[in-house]
Amino acid sequence: MNIFEEALQKKSVFKNRDLVTPHYMPDKLPFRENQIKQMTNVLALALKGSKPDNIFIYGRTGTGKTVTTKFVLNQLNEFASKTNAKIVTTYINCRNHPTKYKVLLKCCSQYYPEHNFIGYSAGFVYEKVVSYVEKNECFAIIASDEIDTVKDLDDLIYALTRSNDEISKGGISIIGISNNVLFKDRLDARTKSSLCQQELVFPPYNAYELKEILKQRVELAFNENAVQESAINLAAAIAAKESGDARTAVMLLLRAGEIADQKGLSVVTDKEVEEARKKVEEEIILNMISTLPIQEQLVLLAITKLSLNKRGINKLTGMQEENVLYSGEVYEEYCRIARSLKENVVSARWYREYIHELETYGLIVTTASGAGQRGQTTFIKLGYEAQKIYSSLSKILQAENI
DNA sequence: CCTCCACAGGAAGCGCAGGAGT
DNA sequence: ACTCCTGCGCTTCCTGTGGAGG
């Protein structure tokens, strides 16, 4: 028998596996009715012929910011084309378009699909965007996901806000999406007030909500009775405890289903979810680490190596503690590693910036030294199990040929 | 009490790449 | 095609901090 024929004939717990991948966009968004209503109310102004306020959306990863926004924009487009309202919506992931210029360029490529504006000056592209809106007397809604990654955000917001003065009929509105709560406070006061005319918060899902979401997905994606109720509960409980993140919850189910398939089981139980949990956690860590610059990976490597090799003894109590490291010794270890790998070694000052970065990603936890310690230092601890980080790191560094 | 230690983190500046202006 | 400009990653230098030790 052909090996592919064999693979196709293999029984599966999935009815439609695509529906439990993170890319799938459900047509029902439970527990986001409020946010949808608020967004709809603001954007509906465009249908009545006046410019909607700018909206700023924030919430942690996996709280449904992106899907909800896309969903509302889809509905808006659908309705607008039915009623011949002049509305253009653009969705931009700013991680891939991290400057004012690139955001505007992306808008242009949608407004003028037959033209290619790459290489034109920033001013020209801006004019093109404004004149399109002006000429068509339409309302442009620009949704900028991960807006905190835009370098010259103040300029972008200012330019788009100001453009509304030049446009007599129609207007440009911005929907900014961010998962960084602190980001809002770092903004220039003017930018902040114009971007945050309307604010929307997406709170993390609790265990009950996650359970309902998972149930809905299970019905769509899995065969009937292929997932035990308790397995769903467990997946929801794990995700709720760790982050309230719907994406990890869905990933848990997906991996659990795959594990069941591998074992040739027809039902997904708690056991598979438990196994999937390890896998998903590793995937998350691997993902996070692989996007880090090499130097930060080396700092992290220094921390993991030390935590694996060393006892951590609290000098005050003399007790065997969890692997707590001193900032100084980590720096020394990092220098050794970097030198031995023939990578350049950054200064201690910059190393401290790296430590901050790593902390914001949750990969490490730092605490200021208190009494019992000579002088001022920072204690560093890993945010995840050292062994897991170590295995991810060695995979990545190997792939990079280091 | 003063001084030293072991750092934290601000300020200034430097070399570089790539984009803008001419 | 050319210079000019600007942002980025980084270094150097410096001031601040709070306990330890004399």
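Overview of results
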{"item": "Region A:32-201 - charge dipole about Cα centre, Lys and Arg +1 at Cβ, Asp and Glu -1, debye rounded to 20", "result": "300 debye"}
{"item": "Those trypsin sites (Lys or Arg not before Pro) in region A:1-48 that DSSP places in a loop and that have at most 10 other beta carbons within 10 Å", "result": "A:10, A:11, A:28, A:48"}
{"item": "Local net charge near residue A:274, Cβ-Cβ under 12 Å (Lys/Arg +1, Asp/Glu -1)", "result": "+1"}
{"item": "Rounded FRET efficiency, nearest 0.05, which uses the C-beta distance separating residue A:199 from residue A:378 and R0 of 41 Å", "result": "0.75"}
{"item": "Computed magnitude of the charge dipole of chain A (debye, nearest 20; Cβ of K, R +1, Cβ of D, E -1)", "result": "300 debye"}
{"item": "Charge dipole of chain A about the Cα centre (unit charges at C-beta), most positive-ward option of A:368, A:19, A:139", "result": "A:368"}
{"item": "Rounded to 5, the percent of DSSP beta bridges in chain A classed as antiparallel", "result": "30 percent"}
{"item": "Given chain A, longest segment not containing exposed loop GluC sites (Glu not before Pro) (DSSP; at most 10 other Cβ within 10 Å)", "result": "A:1-113"}
{"item": "Kirkwood-type radius of region A:1-57, with distances r between different C-alpha atoms, in Å", "result": "15.7 Å"}
{"item": "Among A:226, A:80, A:348, residue whose mean-square fluctuation peaks in a GNM of chain A (springs only between Cα atoms under 10 Å)", "result": "A:348"}
{"item": "Sum of side-chain charges, residue A:36 neighbourhood, beta-carbon under 14 Å (Lys, Arg +1; Asp, Glu -1)", "result": "+3"}
{"item": "Furthest towards positive pole of dipole, A:97, A:355, A:235, structure part chain A, Cβ charges", "result": "A:355"}
{"item": "Within region A:119-172: Cβ-based charge dipole about Cα centre, in debye rounded to nearest 20 (Lys, Arg +1; Asp, Glu -1)", "result": "260 debye"}
{"item": "Within-10-Å neighbourhood charge of residue A:177 [Cβ basis; K, R +1; D, E -1]", "result": "-2"}
{"item": "Distance histogram in 20 Å bins (all Cα pairs of chain A, percent per bin)", "result": "22, 45, 30, 2"}
{"item": "Relative contact order %, region A:32-201, counting alpha carbon pairs below 8 Å whose residues are six or more apart", "result": "35 percent"}
{"item": "Centre separation in Å (Cα based) which lies between region A:349-365 and region A:227-249", "result": "29 Å"}
{"item": "Relative pair counts by distance (%), Cα atoms of region A:206-289, 5 Å bins", "result": "3, 17, 30, 26, 16, 7, 1, 0"}
{"item": "Highest-fluctuation residue, A:220, A:306, A:160 considered, GNM on chain A with Cα pairs under 10 Å", "result": "A:306"}
{"item": "Debye log10 I(q)/I(0) at q = 0.13, 0.17 Å⁻¹ for region A:32-201, Cα point scatterers", "result": "-0.59, -1.05"}
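FYI, it's all coordinate maths here, none of it is from the lab. Model, not experiment: these values are computed from the prediction. Neighbour counts are summed over all protein chains in view; Cβ atoms, including those assigned to glycine, are modelled from backbone coordinates with ideal geometry.
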